[in-house]
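Read the figures in this text as sums done on the coordinates, not as results from a lab. Treat the numbers as computed from the prediction; the structure is a model and nothing was measured. Note: ideal-geometry Cβ built from the backbone for every residue, glycine included; neighbour counts use all protein chains shown.
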Number of protein chains: 4
Amino acid sequence: MTDHSPERSNRKAELLANVVEHIDMKSFDARPIIEAMEKMSFSSRDLGRAAKIYNMMLEDECAVFLVLAGSTSAGGCMDVYADMVKNNMVDAVVATGASIVDMDFFEGLGFKHYQAPLDEAGGNGDDNELRDLYIDRIYDTFIDEEELQAVDHTIYEIAEQIGEGVLSSRAFIKEMGKYLVEHGKKEHSLVRIAYEKDVPIFCPAFSDSSAGFGLVKHQVERIKAGKGYVAIDSVADFRELTMIKIEAGASGLLMVGGGVPKNFVQDTVVCAEILGYDDCEMHKYAIQITVADTRDGACSSSTLKEASSWGKVSTTYEQMVFAEASTVIPLLASDAWHREHWKGRKERRFGKMFD
Amino acid sequence: MTDHSPERSNRKAELLANVVEHIDMKSFDARPIIEAMEKMSFSSRDLGRAAKIYNMMLEDECAVFLVLAGSTSAGGCMDVYADMVKNNMVDAVVATGASIVDMDFFEGLGFKHYQAPLDEAGGNGDDNELRDLYIDRIYDTFIDEEELQAVDHTIYEIAEQIGEGVLSSRAFIKEMGKYLVEHGKKEHSLVRIAYEKDVPIFCPAFSDSSAGFGLVKHQVERIKAGKGYVAIDSVADFRELTMIKIEAGASGLLMVGGGVPKNFVQDTVVCAEILGYDDCEMHKYAIQITVADTRDGACSSSTLKEASSWGKVSTTYEQMVFAEASTVIPLLASDAWHREHWKGRKERRFGKMFD
Amino acid sequence: MTDHSPERSNRKAELLANVVEHIDMKSFDARPIIEAMEKMSFSSRDLGRAAKIYNMMLEDECAVFLVLAGSTSAGGCMDVYADMVKNNMVDAVVATGASIVDMDFFEGLGFKHYQAPLDEAGGNGDDNELRDLYIDRIYDTFIDEEELQAVDHTIYEIAEQIGEGVLSSRAFIKEMGKYLVEHGKKEHSLVRIAYEKDVPIFCPAFSDSSAGFGLVKHQVERIKAGKGYVAIDSVADFRELTMIKIEAGASGLLMVGGGVPKNFVQDTVVCAEILGYDDCEMHKYAIQITVADTRDGACSSSTLKEASSWGKVSTTYEQMVFAEASTVIPLLASDAWHREHWKGRKERRFGKMFD
Amino acid sequence: MTDHSPERSNRKAELLANVVEHIDMKSFDARPIIEAMEKMSFSSRDLGRAAKIYNMMLEDECAVFLVLAGSTSAGGCMDVYADMVKNNMVDAVVATGASIVDMDFFEGLGFKHYQAPLDEAGGNGDDNELRDLYIDRIYDTFIDEEELQAVDHTIYEIAEQIGEGVLSSRAFIKEMGKYLVEHGKKEHSLVRIAYEKDVPIFCPAFSDSSAGFGLVKHQVERIKAGKGYVAIDSVADFRELTMIKIEAGASGLLMVGGGVPKNFVQDTVVCAEILGYDDCEMHKYAIQITVADTRDGACSSSTLKEASSWGKVSTTYEQMVFAEASTVIPLLASDAWHREHWKGRKERRFGKMFD
């Protein structure tokens, strides 16, 4: 059914010509910028303070949770996140399925994201044409859907190999990391490095991603064949993440975007209480970078002060930063990397708790 | 540890004095407003067109998915959603856990949401004081945390009664509906009416809600006791929802907010394809009401045209509406209710597919 | 140089086929909706309270300033504003030049705004094509630029007729009202009705509009000819508006959008003080409808509480409403019209102060 | 009437303890960051492209207009703007009155802006307390109102010295620059440097600022005394700015925020046409940094593509950047400064056209 004409191929190649290159936080020193911004107003000042709080997290005896929603991994921040894990600047990750599966694991298999070409009409492509060409669009970023299908299939294969069982997303993602070590085409993948460093990754809505396609196929076929299958228990995610929070003691949150990951990681404090850990402390440090408007009453946009009414986050060291994250994450991360507070940090290797 | 002084009680009572009352779409006729807005510009015009598309969904032989993220259920739109299910204006629901558990099930048990008082300083409360009083805040709306704990506990009890098994969130929410029929204190609950009408409800990130607390407690205790337990398989959610989409044929989406529910329901088209249903049609109609800004590249804010590049949504009858949803859902719903296209609709009772 | 081919004419006619029709607040009764919204949360509740405050303004012995920025006049709210002036619901207007000249005066001369057609590609037109066709775009609204040039020319003629002098924008707009009474093609024009009712209209940045073109042409020609000319003194605007505020005593602001008009009308309180009127009270009531995000630190987005730190607005009866104004102004205005507090109001006819 | 107690003084001093320090674009080199961002997605990429376009403006034989709305001058970007003028990176300025008078001229007289203290409650101050203390608030930035009154008074004095005449805002601001050379307390003031470099500054809504207070006082007193007075003719602003555009030939716009300055400078192209300069080219380059949402249909948020439908801006080299400007202006400006394309530029000294 697919059109294999050379015209189509050429057009597709033309649209997928410019690779998104991930920024390297180590290649420039953002410290003087961050220091200057701290003395300004508005979002600059907020960014300056957020960077300071992130450095406090790294200096303090404190577990750092990197919390990801949105598409910054596709949009050029993937190496920053991978470097954070590699350099012991993060102890656990909570993320959307897309960030982990469609974006990082996808690139781990050797695929790329592309910058949509700027055309005179200035839009980001004619979506009907893109559909015909099997190009998926994330705002101004393109993905070759045929490549993305390879992800679905790899997930299917990993599930087939596991065969049967009720797993947390963390346990499944660990298998994905192992797969990348063996078959991956990119060393600098978050999933892979996290696997190697025992940094657990949680996707509380794991099936809401390319992983879902492979897993549903796996289940449907095995149900048809009368076999057991792999299930992803989101309660296990919450249970395990709460155990980590209890084990961690003091904790800090570096949140990019909102959504399920934001709420999920914050809720571990309440969950610990319900399990009888009355002395579980609120998240001591918290940063959220988002452009969401508080006035819609949704969780993604809710302030960290609001979270403190729920007993989740302490109000002393919290900072919201109003910015499209790809513009400020490189500055915040570069500042922290160059200040080197991560150098003396103890490796937590929380992933080992579940081995 | 909790302070039981009369001062504290009085202060708490003072803060929880004004109940949020849910708007009744049947009590006023929004048709002339919607008709006039269609001839205007900007968001009015978009709302007018969205209402028209919703009416087309109801007229057409088409399954309607109500897709909820954000806090409009807490904020006064809960009766609208319940009435939609009751009056056969919706065939399935995909929602955040909070909408279903913390908000609707919570009120189903007889509890209420409250309007934060307007004080001279004009904020929505001092979050440190609120924490001390066990009052949780959603922007300008208050919840008694002690009441919310009753939800956690009821979920725990329902899980204990089920005992063991791998369930989709839909199957668990069905049990919650049954519980409300037997023990609930409010007839007009979405969870309850959906149960009675076999309208399935899916929460793809079910444990990211008050349900998570009860379920983790259940698992931890039973693991400790060496017993089997209830797991919530998010793959099963995706599998079942895809089956419904395949069964449904033509479909339309009425989306309030974005987040996981939006992406999840759209992805069923792709999932059906992967399962070999190559003729599964894209969602024919789609409406999304959101204030999210497209420029952050996240899924919540992504346009329905972008979704069509992924092959999920057809571009012919789609409409984004830029509005805090509580201001426009009552108008859109009242218009559709008074136009009565729902009167002749066939009941789909998709829930029966899984009995 | 302009292409007069029939193809071009046809294409232009095709793009300008659907007239924007202004909503009639009298044709539906929004009272039950507004009452229900007051008991909800988020923007609904804010709209409910804003409507209440507007009714308080009308009931109280208080001068009401309608303050307009943005394009709601072009987008279907023009009749609402004209009806407010006609029915004594407003005592003075402060607006952008575009609202008054390009939009209202333009329609007063018999021209129209158009809804951009929805095409499959879904944008609001190819701006390069629009430029070639002399069609100007405001988001999803089109204007025939050749008609707009008639406005420039009429302004030029009015200036020529005045000949020479330093005028406030108010004085010039009064001449425009007079022109419409004599030559206008639409009775229901804000500029015309305001003229007839002695309701003064101020445009603090008057030359930032179609009026600027006609006036610059007038000045350039007369300077070349060595003659005196008309100048528009923005200090006179501020002086006259402050005089009205002093005369008014208690006052209320109904602000749509932000920008210069918002700040200008608020500043009259400070200006009165500087002139020695120490007892000039802050604006007692204030409503602003805007989607601007406070976090950019600009005046348009600044809260009314912030304005109170400057001594401009009292905090007791102020309400921000987060909405694209065309969706809520019709509800707020219809509610006030049907409650009829305007019926007993004294006509202030502030325009007469300067005769 | 003012409270002069030591408690009040202490409290005020406490609130005005942290001076806003303006960032120095020369003190760090943003080139590697900007280069990396160009290869990313979303706002990073847009910022990278905007920086490239600004460099093109500087390389090309092209007049550069710096266009300012919002409060970035108060919030730490003032030195960037002053340095741009000093280093021949800008040929004319169009701004809100507040940017020029309340912020830059204010600091030129030796006064400062302050960072609002972070308190535990986390707001930006109790506005009722601020009003009592004569502290004015701009989001998270404080101003001593008693110092601001010195600006009003200085403007009054300058007007008194001029005595009588109809001036453009440019002509008046030139006098302000002269005043600063003679009496100012800060060399690095935009108004002062612009005066010295014959870079004209236009404020199309000049009286909508602290200048308005001084000028109204001047007019009222002189009218009472039967004398002539200074008037600020906004038509003259438009006429002069159009003359500069005609003289300039090719032109580029660097716009921070929207509002009147954005529209005003764009309209010069149309105005030139009306004056018979049919060959006046559209603005060849255009950048706008704003967080305004396009969906409200207002001018501030309208895209540069929309401006091209009006024949104002060419679509080839235009770029919107979605960011709170204080976070990105330092990067964009530092990049351009270090690339040194400004070094060979011809000084335009447009101010001399009107001597």
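For D:ASP140, which sequence-distant residues (separation of 5 or more, or a different chain) have an amide H within less than 5 Å of its own amide H, given hydrogens modelled in the peptide plane?
Amide H neighbours of D:ASP140, under 5 Å, 5+ apart: A:PHE42.
What nm distance separates the two modelled labels at C:GLU196 and A:ILE246, each placed 7 Å from Cα along Cα→Cβ?
7.7
Does anything in the range C:127-153 have its amide N under 18 Å from the 7 Å Cα→Cβ label point of C:LEU118, and if so which residues?
Taking a point 7 Å out along Cα→Cβ of C:LEU118, the residues of the range C:127-153 whose backbone N falls under 18 Å are C:139-142.
For chain A, modelled as a GNM with alpha-carbon contacts under 10 angstrom, which of A:GLY259, A:GLY165, A:GLY108 fluctuates the most?
Sorting by GNM fluctuation, first place goes to A:GLY165.
Cα gyration tensor of the protein assembly as shown, axes a ≥ b ≥ c as square roots of the eigenvalues: rounded (a/c below 1.5), prolate (a/b > b/c) or oblate?
Cα axes put the protein assembly as shown in the prolate bin.
Only four residue types carry charge here, +1 at the Cβ of Lys and Arg and -1 at the Cβ of Asp and Glu. Report the dipole size of the range C:231-315 about the Cα centre in Debye, rounded to the nearest 20.
Its charge dipole is roughly 280 debye.
Sequence gap at least 6, Cα distance under 8 Å: using those rules, report the relative contact order of the range C:33-341 to the nearest whole percent.
Reported relative contact order: 25 percent.
According to the square roots a ≥ b ≥ c of the eigenvalues of the Cα gyration tensor, what is the shape class of the range D:1-101, taking rounded for a/c under 1.5, prolate for a/b larger than b/c otherwise, and oblate for the remainder?
prolate
Anyone know which of A:PHE105, A:PHE172, A:PHE28 comes out most mobile in the 10 Å Cα GNM of chain A?
A:PHE28
Under 5 Å between amide hydrogens, which residues at least 5 positions from C:ALA323 or on another chain qualify, with H placed 1.01 Å from N in the peptide plane?
Residues meeting the amide H criterion: C:THR290, C:VAL291.
Among D:ILE143, D:ILE162, D:ILE287, which one moves the most in a GNM of chain D with springs linking Cα atoms closer than 10 Å?
D:ILE162
Return D:ASP278, D:ASP104 ranked ascending by Cβ neighbour count within 10 Å, so the fewest neighbours appear first.
By the 10 Å Cβ count, ascending: D:ASP278, D:ASP104.
Which FRET efficiency value, to the nearest 0.05, is calculated for B:ASN18 and C:ASN18 with the Förster distance at 60 angstrom and r the Cβ-Cβ distance?
Once the sixth-power term is evaluated, E becomes 0.85.
What are the ³J(HN,Hα) values, in whole Hz, obtained from phi via the Karplus relation 6.51 cos²θ - 1.76 cosθ + 1.60 with θ = phi - 60°, for each residue of the range D:96-102 in sequence order, with x given for Gly and Pro?
Ordered by residue, 3J(HN,Hα) equals 6, x, 4, 4, 8, 8, 5 Hz.
Tabulate in residue order the Karplus-calculated ³J(HN,Hα) for the range D:251-263, using 6.51 cos²θ - 1.76 cosθ + 1.60 with θ = phi - 60°, rounded to whole Hz; enter x for Gly and Pro.
Whole-Hz 3J(HN,Hα) from phi for the range D:251-263: 8, x, 10, 10, 10, 10, x, x, x, 4, x, 4, 5.
On a 29 Å Cα-Cα criterion, which of the cross-link pairs C:LYS174/C:LYS305; A:LYS197/A:LYS224; C:LYS245/D:LYS227 come out too long?
Long pairs (Cα-Cα over 29 Å): C:LYS174/C:LYS305; A:LYS197/A:LYS224.
Neighbour counts of other C-beta atoms within 10 Å: give me C:VAL291, B:VAL256 arranged from fewest to most.
The most exposed by this proxy come first: C:VAL291, B:VAL256.
Would you kindly derive the ³J(HN,Hα) couplings of the range D:155-161 from the backbone phi angles with the Karplus curve 6.51 cos²θ - 1.76 cosθ + 1.60 (θ = phi - 60°), listing them in order in whole Hz, with x for Gly and Pro?
For the range D:155-161, the Karplus curve yields 4, 4, 5, 5, 4, 4, 5 Hz.
I need the shape label for the range C:217-355. Rule: rounded when a/c is under 1.5, else prolate if a/b > b/c, else oblate, with a, b, c from the alpha carbon gyration tensor.
prolate
Return the subset of B:LYS39/B:LYS262; B:LYS12/B:LYS217; B:LYS52/B:LYS343; C:LYS312/D:LYS112; B:LYS178/B:LYS217 for which the Cα-Cα distance in this structure is over 24 Å, preserving the input order.
Too far apart for the 24 Å limit: B:LYS39/B:LYS262; B:LYS12/B:LYS217.
How would you rank B:ARG8, A:ARG348, A:ARG339, going from fewest to most other Cβ atoms within 10 Å of each one's own Cβ?
Neighbour counts put them in this order, fewest first: B:ARG8, A:ARG339, A:ARG348.
Determine how many Å³ per residue the convex hull of the Cα atoms of chain C encloses.
Spread over its residues, the Cα hull of chain C gives 160 Å³ apiece.
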